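Computed from the coordinates by the stated procedures, all read-outs in this text should not be read as laboratory data. Values in this document were obtained by computation on a predicted structure and should not be read as measured data. Every residue, glycine among them, receives a Cβ derived from its backbone with ideal geometry; neighbour counts consider all protein chains shown.
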Amino acid sequence: MSAFLLAATGCAAQEDTSAPAAGAQSSPPAVAMRVDRPTMLLGTWPESVDRGLRDRAEQNMSNVKKLLSTEPTSLVGTAYVRAEEVHSRERGLHIPDDDQRVIMISAVSGTITDPTATLDKIFGGIPNVTDVRPVPPGPLGGTTGCGIGQAETGLRVDICVWSDHHTLGMVTFVGFAKTDDPQGVFGQIRAEVEQPAK
């Protein structure tokens with residue numbers, strides 16, 4: 001499953017000349033924040049056992065980390081799949097190809113001097129992503145935006161990014177239909193990943 005992700009979800013750290021992404025903005029939380037790896041995402045999505053998916057999320061995390069102004073204080077790079085897929089694999093059952101939904105999370109905490117410029121750099125470094133638009137950042141604040149890409153297999157890929165003064169993260173939805181509302185789910189995922197620093 002991991003091969004189709006490579007073209008659509010790469011995150012380059014270098015700057016480019018693409019037009020900046022207009023992210024939605026609001027004030028950052030007053031307290032320092034960190035990123036944590038949920039054991040179960042959205043209550044029903046366990047962490048994937050697919051090493052290829054997790055490697056890709058970790059690679060994106062490494063590229064995102066380069067945009068921090070300081071050394072990272074916490075890191076997350078992993079992927080989640082439907083619970084049914086995990087249970088099927090554990091029982092040695094064939095997983096049908098008609099549902100390949102994956103959620104990848106690549107996030108870091110540290111110091112982000114300019115959240116808006118940082119968000120623009122992330123979207124500028126992802127190839128073949130279009131229709132980048134701001135989305136409401138919610139109570140966690142910062143700058144947020146989502147764009148649409150396509151995997152090599154033709155699956156839809158939604159990429160949502162947040163950037164605030166404490167954390168920076170990218171959530172990639174592979175194989176989600178527009179009616180699944182990945183942009184709405186993005187806020188819930190961010191709230192599970194971004195937590196007050198202890």
Within straight cross-link reach of LYS66, meaning Cα distance under 30 Å, which lysines are found once same-chain residues fewer than 8 apart are removed?
LYS121, LYS198
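Once you have the Cα-Cα distance between ASP55 and THR70, take 0.36 nm times their residue separation minus that, and quote the gain in nm to one decimal. Write out the running numbers ahead of the final one.
Values: separation 15, 0.36 × 15 = 5.40 nm, distance 2.36 nm.
Additional length available on full extension: 3.0 nm.
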How far apart, in nm, are two points set 7 Å out from the Cα along the Cα-to-Cβ line at SER62 and at ASP131?
3.2 nm
At R0 = 30 Å, how high is the FRET efficiency between ALA197 and GLU152 if r is their beta carbon distance? Nearest 0.05 is fine.
0.20
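Given a Förster distance of 35 angstrom, what is the FRET efficiency for ASP114 paired with ALA83, based on the Cβ-Cβ distance and rounded to 0.05?
Working: r = 39 Å, r/R0 = 1.11.
After rounding to 0.05, the efficiency reads 0.35.
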